[in-house]
């Protein structure tokens, strides 16, 4: 009797990400199915093959996670399918910057998220988010916090 040969990835961050991707797209009982399979997002035939996990790893490499959820799969085009060229490993911070719900602001001929502007300028996220909600952009969006306080005090 011969031993069954497997891919050896069961229980790894890579395999868990692979299985979760399949569930999001094909299991109506999955909590996030409506955001993926329910919207028509699919997994390429290559990764659905009998040896799909091995082909998935050949295309993406192993998850760089040392902890189970440090990195996860991100689709580059959020409306695109899970397929080579549209998927990569990303941190939660990287993924948060690519959400459809992010507010993008253009200043200094650069368009980026409020969070990225906050990191670059040191202006608190909450202040920049409020300015973005008011529709501010350009230099007005990036003005230092102190300017507004002086105006309120009549200076």
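The values are calculated or read from the model by the stated rules, or taken from the named source; none is laboratory data. Everything quoted here is computed from the prediction, not taken from an experiment. Every residue, glycine among them, receives a Cβ derived from its backbone with ideal geometry; neighbour counts consider all protein chains shown.
Tabulated values for the structure
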{"read-out": "Residue pairs meeting the criteria (Cβ under 8 Å; at least 6 apart or on separate chains; first farther than 21 Å from residue 100 by Cβ, in the range 113-125; second modelled with pLDDT of 85 or more and in a loop (DSSP other than H, G, I, E, B))", "value": "123/144; 123/145; 124/145"}
{"read-out": "Scan of the range 24-54 for residues that are surrounded by 17 or more Cβ atoms within 10 Å (Cβ to Cβ) and assigned to a helix (DSSP H, G or I), ordered by number", "value": "24, 25, 33, 37, 47, 52, 53"}
{"read-out": "Residue in the range 100-109 that is farther than 30 Å from residue 144 by Cβ and crowded, with 16+ Cβ neighbours inside 10 Å present", "value": "no"}
{"read-out": "Subset tally (residues that are touching a strand residue (DSSP E or B) at 6+ places or on another chain (Cβ under 6 Å) and farther than 23 Å from residue 6 by Cα) for the range 28-57", "value": "0"}
{"read-out": "Meets criteria (under 19 Å from the mean Cα position of the chain (by Cα) and under 29 Å from residue 133 (Cα atoms)) for residue 32", "value": "yes"}
